[in-house]
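Presented below is the structure to which this report refers.
The values are calculated or read from the model by the stated rules, or taken from the named source; none is laboratory data. For clarity, every value in this text was computed on a predicted model and none was experimentally measured. Cβ placement follows ideal geometry from the backbone for every residue including glycine, while neighbour counts extend to all protein chains displayed.
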Amino acid sequence: MATTTSPPRVAIIGAGPAGLVLHLTLIKRGVPSILYEREASPNARIHLGGTLDLRWAYGQRALYENGLEAAFKAVSRPDGDETRMCGKDARVLLEIIADGDTRPEDISPEIDRPALRQIILDAVPADSVKWGHALTSVTPHGDGTHTLSFANGHTTTVDLLVGADGGASRIRPLVSPAQRLYAGLTGAEIVIERDVVDRADMADARALIGNGSTFAMEGGKVLAAQRNSDGRVLTYAWFRGPEDWPLPSDAAEARVSLLQKFEGWAPVLRKFIEHGADDGIYHRPLYMLQPGLRWEHVDGVTIIGDAAHVMTPFAGMGANVSMLDGLEMGLAIAEAVNAGASKEGREAAIKKAEEKLFEESAKWTGITAFNMEKMTGPDAPQSAVDAYKLGKGSL
Ligand SMILES: Cc1cc2nc3c(=O)[nH]c(=O)nc-3n(C[C@H](O)[C@H](O)[C@H](O)COP(=O)(O)OP(=O)(O)OC[C@H]3O[C@@H](n4cnc5c(N)ncnc54)[C@H](O)[C@@H]3O)c2cc1C
């Protein structure tokens, strides 16, 4: 039982935005921590996932408080914050482009997921991140310690276990019976390669996205297309349907199937589906946890990020809140450990950080649910534009 003031053995599961920021925050403050990730290497899924716009008081703060302001500025794109909204006719109803008068706090630069991961990895010891470690089971010992088993045969016992392992978390059941729910929207992520994006016949599509993103919505369907820093365009095509809606595995058939869902949409919008790469179309049903999830503190274990509050992407805040969770949890643990707190003192600090997390996640899961309704409801796109102008929406 860890009742001394020696540093706790800390394990974080998951090298997504939440786990990476927590690990960084602890390491920067001299608290040893080991980050376990199931992916084989930092580059294992480098082609997947779009860009994230990091908010000043969330993702940006999490990096700046850990000394990564210059690193972030070197790889992020303030002009990627450019956003447009339209209906299925592609007529732009709202255009948000920062100008010289925009305060830095109001700009949310875009960063590609692999670049975000890399600037954090560059700031922590390489041997503190264990790749190829898929957690398979956790055995609680009743005194706050847990033994972790991984698919590669590795086992370890820790004083503090943090689940940053995403929406389908294996750690969440240790603190809450809550289950991830299907949000009712299914669809696909579609990658358009740079050489296709740059073609002359794509000029209208390029103009609609600019350097940032376009959200087209109507009739319960959404097409969200965004520029990545490597010039590719990633599109998400969502519509109401069953969770197991079958996306054909053959790319040509997948494009036809998706185009049928967006029948009658403007030709420029349909291009975001028509030009999807043969190896770049992925099934992407959307999930959420019940908004405002809370749990009673359990000694020796907690969860952060999507594990605690997975939400649909309609406020663009999931990674931002996850990074703030990582920062706040890391600051709380480091302060307790560095003050020589007892196990009880450390657990009290974690409990306090969980209270902050509950507050933030209740706020953003609520706004996200509101936005989803406005973007997929009967009055979209106007309802979404109105919500944004009223300051409720946050894309
Ligand atoms: C289409 C889409 C667009 C989005 N756009 C935005 C946006 O613009 N802005 C924004 O703020 N948010 C956005 N989000 C939300 C954002 O992606 C998530 O909120 C964020 O990635 C959560 O970070 P996380 O670290 O908690 O979890 P994740 O990013 O899911 O990371 C979890 C990590 O844990 C690892 N893992 C899982 N299980 C195990 C295991 N058993 N053992 C070891 N490792 C494991 C995974 O491999 C993964 O690396 C979007 C989400 C979607 C679906």
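Would it be correct to say that Gly300 is surrounded by 20 or more Cβ atoms within 10 Å (Cβ to Cβ), at pLDDT 95 or above and closer than 30 Å to Gly142 by Cβ?
Details: surrounded by 20 or more Cβ atoms within 10 Å (Cβ to Cβ): yes; at pLDDT 95 or above: yes; closer than 30 Å to Gly142 by Cβ: yes.
Criteria met by Gly300.
Counting only helices (runs of 4 or more DSSP H) that sit wholly inside the stretch 187-271, those with at least 1 residues that are within 16 Å of the ligand (Cβ to nearest atom), surrounded by 13 or more Cβ atoms within 10 Å (Cβ to Cβ) and of a type in the set (A, V, I, L, M) are 203-209, 251-261. Starting from residues that are under 23 Å from Arg172 (Cβ atoms) and without any contact (Cβ under 8 Å) to a residue 60 or more places away in the chain, keep the ones in the stretch 116-137 and report whichever is farthest from the chain's Cα centre (by Cα). So, considering only residues that are under 23 Å from Arg172 (Cβ atoms) and without any contact (Cβ under 8 Å) to a residue 60 or more places away in the chain, the one farthest from the chain's Cα centre (by Cα) is Ser137. Entry remark, the stretch 7-55: residues being away from the ligand (no atom under 13 Å from the Cβ) and outside any strand (DSSP E or B) number 13 in total. For first residues located in the stretch 11-24 and within 17 Å of Gly167 (Cα to Cα), partners that are within 7 Å of the ligand (Cβ to nearest atom) and in a helix (DSSP H, G or I) and lie 6+ apart or on another chain with Cβ distances below 6 Å form the pairs Ile12/Gly19; Pro17/Ala319; Pro17/Ser322; Ala18/Ser322. Only one of the numbered conditions (1) under 17 Å from Ser33 (Cβ atoms); (2) more than 19 Å from the chain's Cα centre (by Cα); (3) small (Gly, Ala, Ser); (4) within 16 Å of the ligand (Cβ to nearest atom) is not met by Ser149, and that is (1).
Kindly indicate which of Ala178, Ala168 is under 30 Å from Met329 (Cα atoms), in a loop (DSSP other than H, G, I, E, B), away from the ligand (no atom under 13 Å from the Cβ) and in contact with a Lys or Arg (Cβ under 8 Å, 6 or more places away or on another chain).
Working: Ala168 fails: away from the ligand (no atom under 13 Å from the Cβ).
Sole residue among the options that is under 30 Å from Met329 (Cα atoms), in a loop (DSSP other than H, G, I, E, B), away from the ligand (no atom under 13 Å from the Cβ) and in contact with a Lys or Arg (Cβ under 8 Å, 6 or more places away or on another chain): Ala178.
Every condition in (1) closer than 30 Å to Trp265 by Cβ; (2) at pLDDT 95 or above holds for Ile96 except the one numbered (2). Residues in the stretch 60-107 that are aliphatic (A, V, I, L, M) and within 24 Å of the chain's Cα centre (by Cα): Ala62, Leu63, Leu68, Ala70, Ala71, Ala74, Val75, Met85, Ile96, Ile97, Ala98, Ile107. Answer yes or no: is there a residue in the stretch 96-111 that is assigned to a helix (DSSP H, G or I), buried (at least 18 other Cβ atoms within 10 Å of the Cβ) and touching a Lys or Arg at 6+ places or on another chain (Cβ under 7 Å). No: zero hits. Of the listed requirements (1) under 26 Å from Glu253 (Cβ atoms); (2) touching a Lys or Arg at 6+ places or on another chain (Cβ under 8 Å), Gly212 misses just one: (1).
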